[in-house]
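Reviewing the structure listed below.
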Amino acid sequence: MLTLAIEASNPSLAASPPSVALGEPGGPITVEPIRPASRHDDDLAAAIDRLFVRAATRRQDLRAVAVSIGPGGYTSLRMACATAQMVALALGIPCIPVPTAAVALTSVGAQVTRWPVAVALAGKADAAHVTLFPGPSGYSPSFSGLADAQAFLALGPASLISDEFLPVALADAAGRLGLPVIPTRLESPALLRVSGHFEPVSPEACVPLYGREPEAVTKWRALHAPRTVPDGPSSPS
């Protein structure tokens, strides 16, 4: 099944810049890098155009669009999912939403030798979004959610995949456990290969997986929270 894969979830990750890939999960894959975005321009749509030219393939032959849905950057996830939806709707084909942790696990491949393995993404302050994969068969995690150092220790991972943004508290916890730490890689060919393990959905159901509530939403909720009036002495009747 000819699939377009969009891996743009964490554009600030130095080890593997964003890219798009085209091919079948078990066959040859063509890759095109996504150039760094400027303030007034984004290269994702243009990269997809270049990819089809490079692969000498017609868009009409496409059968699915796989996209890395996060956790990651808010803006990059929204743009990646919106672009996947647009392509899928235009061609009448499904999307395949793939959690970014599964892409990270597939990208590092045989480097993981001890299980369970934790994948830490979207690190900020003293916590990160952690996904724990119990073993090498399948991509069903035993845990996926925001975790601080205490929660991370309770998970009991045997190895860790993390990027340079891992919070210090979690890095210290990994050190206490003596975990081998594997640098995160997020590669569009890995996304394409692992997409066969996930169910296709309608384009409108392909939405980002955010690691935490967007800061703007948090501020809005704090600003509009109901005000409570402190209890005072009762008025005389």
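The values are calculated or read from the model by the stated rules, or taken from the named source; none is laboratory data. Just so it is clear, the model here is predicted, and its values are computed rather than measured. Every residue, glycine among them, receives a Cβ derived from its backbone with ideal geometry; neighbour counts consider all protein chains shown.
Restricting Ala21, Ala15, Ala82 to those that are buried (at least 19 other Cβ atoms within 10 Å of the Cβ) and not assigned by TED's automatic domain parsing to the domain that holds Phe165 reduces the list to Ala21. Output the residue which, of all residues in region 122-138 that are among the hydrophobic types (A, V, I, L, M, F, W, C) and on the phi > 0 side of the Ramachandran plot, is surrounded by the fewest Cβ atoms within 10 Å (Cβ to Cβ). The qualifying residue surrounded by the fewest Cβ atoms within 10 Å (Cβ to Cβ) is Ala125. Residues in region 25-67 that are charged (D, E, K, R) and either under 26 Å from Ala122 (Cβ atoms) or in contact (Cβ under 8 Å) with a residue 40 or more places away in the chain (or both): Glu32, Arg35, Arg39, Asp41, Asp42, Asp43, Asp61, Arg63. Kindly evaluate Ile34 against the criterion of being more than 14 Å from Ala66 (Cβ to Cβ) and buried (at least 21 other Cβ atoms within 10 Å of the Cβ). The answer is yes for Ile34. Scanning region 184-212 for residues that are assigned to a helix (DSSP H, G or I) and farther than 21 Å from Phe165 by Cβ turns up Pro189, Leu192, Arg193, Val194, Ser195, Gly196, His197, Pro203, Glu204, Ala205. Among what's in region 139-192 and is among the charged types (D, E, K, R) and in contact (Cβ under 8 Å) with a residue 24 or more places away in the chain, pick the residue that is surrounded by the most Cβ atoms within 10 Å (Cβ to Cβ). Among them, the one singled out is Glu187. Residues that are in a strand (DSSP E or B) and modelled with pLDDT of 95 or more within region 25-48 comprise Ile29, Thr30, Val31, Glu32, Pro33, listed in sequence order.
Could we say that Gly123 is touching an Asp or Glu at 6+ places or on another chain (Cβ under 8 Å) and closer than 23 Å to Val207 by Cα here? Spelling it out, Gly123 is indeed touching an Asp or Glu at 6+ places or on another chain (Cβ under 8 Å) and closer than 23 Å to Val207 by Cα. The combined condition, being in contact with a Gly (Cβ under 7 Å, 6 or more places away or on another chain), at pLDDT 95 or above, surrounded by 15 or more Cβ atoms within 10 Å (Cβ to Cβ) and of a type in the set (Ser, Thr, Tyr), is not fulfilled by Thr106.
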